[in-house]
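For reference, the structure is listed below as structure tokens.
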Amino acid sequence: MNYTGCGNSLDFDSAAVIRLVMDSLRYWVEVMHVDGFRFDLASVLGRSGQHGAFDASSSFFDAISQDPILNRAIMIAEPWDIGTYQVGNFPVDWSEWNGKFRDTMRSFGKGDAGTLADVGWRLTGSADLYGEDGRSAFNSINFITCHDGLTLNDLVSYNGKHNEKNGENNRDGSDDNRSWNCGIEGPIDDPAIIALRKQQMKNFACYLLFASGTPMILGGDEFGRSQQGNNNAYCQDNEISWFDWHAAHQNEELMEFFRKAIALTRRFPILQRRKFFLGKDLDADGVPDLTWFAPDLDAPKWQDSNARTLCYQLDTSDDGSKLGVDRLFFILNAHHESQCITLPPLHVGRAWHRAIDTSLPSDTDFTEPGHEIELDPADHYIVNPRSTVVLLAQQPDAARKAKLDTTQRD
């Protein structure tokens with residue numbers, strides 16, 4: 001049976017096939033010392049029976065879980081094949097490429113209606129997919145782009161695929177790309193559109209890197225690699241799919257943003273949290289580990305199809321106290337208009353400071369650690385259209401400066 005679209009599939013109902021695959025995997029772990037495996041079109045691994053239906057307790061999955069060597073290896077599924085989509089349905093010891101994260105955040109980022117409720121699940125590790133069977137947020141492999149489909153640059157530069165050079169009259173490749181060209185299809189010299197595309201790529205970087213789960217970046221996205229709108233370029237061994245390292249040096253602005261965003265996740269361990277948030281005050285400081293907000297500080301209108309702005313607060317008092325930061329506040333505005341965001345009140349001796357605003361020029365969109373800009377006025381923030389903002393709650397600038405001066409004198 002051709003469940004992969006690439007030819008006949010292995011029959012995992014066969015004991016001989018399972019022995020072959022298990023011996024191969026054990027060789028790679030024991031002899032080659034790999035940490036684990038990512039399985040392409042992995043739903044095939046669970047197909048069994050006369051009709052080839054997917055079964056999370058299939059013989060192969062059981063063999064993996066009982067093997068003393070392989071049950072300690074990392075197992076990551078691309079949880080679909082050409083006939084079945086099984087996101088959230090793999091065994092408890094497997095992680096999955098989360099196609100729902102990709103689709104939801106792409107739709108939200110370009111301003112589609114009715115995405116807010118799903119965005120809440122995706123940003124927090126997709127507990128609706130992985131929470132009920134004992135898995136954790138880290139089992140969700142979050143991604144915006146991968147080797148199949150549009151690159152990040154093309155995601156914000158094309159409304160449709162452009163696979164003409166593949167020789168199949170543009171019939172190959174997915175038609176469901178959820179992309180937006182920011183106004184004009186393909187390469188353009190218009191400074192305003194170029195700036196918006198870079199802003200959108202920075203937004204997607206924030207969605208990916210600051211969400212709960214395991215982030216996966218497509219190589220080249222960090223410097224805006226393009227495949228000229230081709231979303232099925234594997235079939236060409238030429239400039240369409242090659243890495244242009246010269247282009248990497250021409251887009252230091254985007255690369256630097258990715259570097260700083262990754263550094264922020266390392267600065268605050270809560271952004272690397274492996275477990276799901278509970279929405280509860282876990283350290284008796286009066287602040288839940290996660291709190292959602294609408295722009296006016298009310299609860300989000302999750303089912304409002306016109307809502308395109310979402311805010312949330314993370315309590316960092318457990319992991320950020322040594323850094324002097326006890327809360328992070330995120331503003332995701334996918335609306336084409338500015339929004340006035342009312343900020344949560346802080347304890348005495350704390351003030352909101354801006355760390356990131358993707359709508360600002362490259363030299364000010366991401367402030368250096370310790371040099372975040374105190375907000376004035378302190379109770380609200382005007383977030384620009386199609387932008388992402390990250391605020392930190394820490395001592396006011398005057399108090400921090402006085403403390404620094406005292407430390408230097410001592």
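The values are calculated or read from the model by the stated rules, or taken from the named source; none is laboratory data. Computed from a predicted structure; not experimentally measured. Neighbour counts are summed over all protein chains in view; Cβ atoms, including those assigned to glycine, are modelled from backbone coordinates with ideal geometry.
The condition (being in a loop (DSSP other than H, G, I, E, B) and charged (D, E, K, R)) is satisfied by just one residue among Asp23, Asp13, Asp62: Asp13. The residues in region 274-333 that are farther than 22 Å from Leu264 by Cβ and polar (S, T, N, Q) can be counted, and the count is 3.
Against the conditions (1) surrounded by fewer than 17 Cβ atoms within 10 Å (Cβ to Cβ); (2) not in a helix (DSSP H, G or I), Ala263 satisfies every one except (2). The sole residue among Gln272, Gln228, Gln303 that is within 22 Å of Lys110 (Cβ to Cβ) and not assigned by TED's automatic domain parsing to the domain that holds Leu360 is Gln228. Tallying residues that are surrounded by 19 or more Cβ atoms within 10 Å (Cβ to Cβ) and of a type outside the set (D, E, K, R) within region 352-366 yields 7.
Once region 336-351 is narrowed to residues that are under 29 Å from the mean Cα position of the chain (by Cα) and β-branched (Val, Ile, Thr), the residue that is surrounded by the most Cβ atoms within 10 Å (Cβ to Cβ) is Ile341.
Consider region 385-398 and keep the residues that are within 22 Å of the chain's Cα centre (by Cα) and surrounded by 18 or more Cβ atoms within 10 Å (Cβ to Cβ). The one that is farthest from Asp318 (Cα to Cα) is Arg386. The set of residues in region 269-293 that are over 14 Å from Phe330 (Cα atoms) and either touching a residue at least 60 places away in the same chain (Cβ under 8 Å) or aromatic (Phe, Trp, Tyr) (or both) comprises Arg273, Arg274, Lys275, Phe276, Phe277. Restricting attention to region 186-208, the residues being without any contact (Cβ under 8 Å) to a residue 40 or more places away in the chain and of a type outside the set (A, V, I, L, M, F, W, C) number 4. Those residues that are in contact with a Lys or Arg (Cβ under 8 Å, 6 or more places away or on another chain) and surrounded by fewer than 19 Cβ atoms within 10 Å (Cβ to Cβ), I need them from region 319-335; list them, please. Selection gives Leu323, Gly324, His335. Pairing each residue of region 14-36 that is more than 19 Å from Ser48 (Cβ to Cβ) with any residue that is hydrophobic (A, V, I, L, M, F, W, C) and part of a loop (DSSP other than H, G, I, E, B), provided the two are 6+ apart or on different chains, yields C-beta distances under 8 Å for Arg26/Ile69; Trp28/Val34; Val29/Ile69; Val29/Ala73; Glu30/Ile69; Val34/Ala73; Asp35/Ala73; Gly36/Ala73.
If the requirement is being crowded, with 20+ Cβ neighbours inside 10 Å and either in the same structural domain as Arg47 (by TED's automatic domain parsing) or more than 30 Å from Asp62 (Cβ to Cβ) (or both), which of these qualifies: Val92, Val156? Steps first, answer last, please.
Numbers: Val92 fails: crowded, with 20+ Cβ neighbours inside 10 Å.
The match here is Val156.
For Thr4, the conditions (1) touching a residue at least 60 places away in the same chain (Cβ under 8 Å); (2) surrounded by fewer than 16 Cβ atoms within 10 Å (Cβ to Cβ) all hold with the exception of (2).
Exactly one residue out of Leu41, Leu70 is buried (at least 16 other Cβ atoms within 10 Å of the Cβ), among the aliphatic types (A, V, I, L, M) and on the phi > 0 side of the Ramachandran plot, and it is Leu41. Taking the conditions (1) among the aliphatic types (A, V, I, L, M); (2) modelled with pLDDT of 90 or more; (3) in contact with a Gly (Cβ under 9 Å, 6 or more places away or on another chain) in turn, Ala247 satisfies each one other than (2).
Take Asn177 and tell me if it is farther than 16 Å from Ala261 by Cβ and polar (S, T, N, Q).
In short, yes.
Look through region 134-157, keep the residues that are among the aliphatic types (A, V, I, L, M) and under 11 Å from Leu218 (Cα atoms), and return whichever of them is farthest from the chain's Cα centre (by Cα). Let's see the steps before the verdict.
As a first pass, look at region 134-157 and keep what is among the aliphatic types (A, V, I, L, M): 137, 141, 144, 150, 152, 155-156.
Next, only the ones that are under 11 Å from Leu218 (Cα atoms) stay: 144, 150, 152.
On the way: Ile144: 6, Leu150: 16, Leu152: 12 Å.
Out of the qualifying residues, it is Leu150.
Per the listing Asp289, Asp285, Asp281, the residue uniquely touching a strand residue (DSSP E or B) at 6+ places or on another chain (Cβ under 6 Å) and either among the aliphatic types (A, V, I, L, M) or farther than 23 Å from Ile144 by Cβ (or both) is Asp289.
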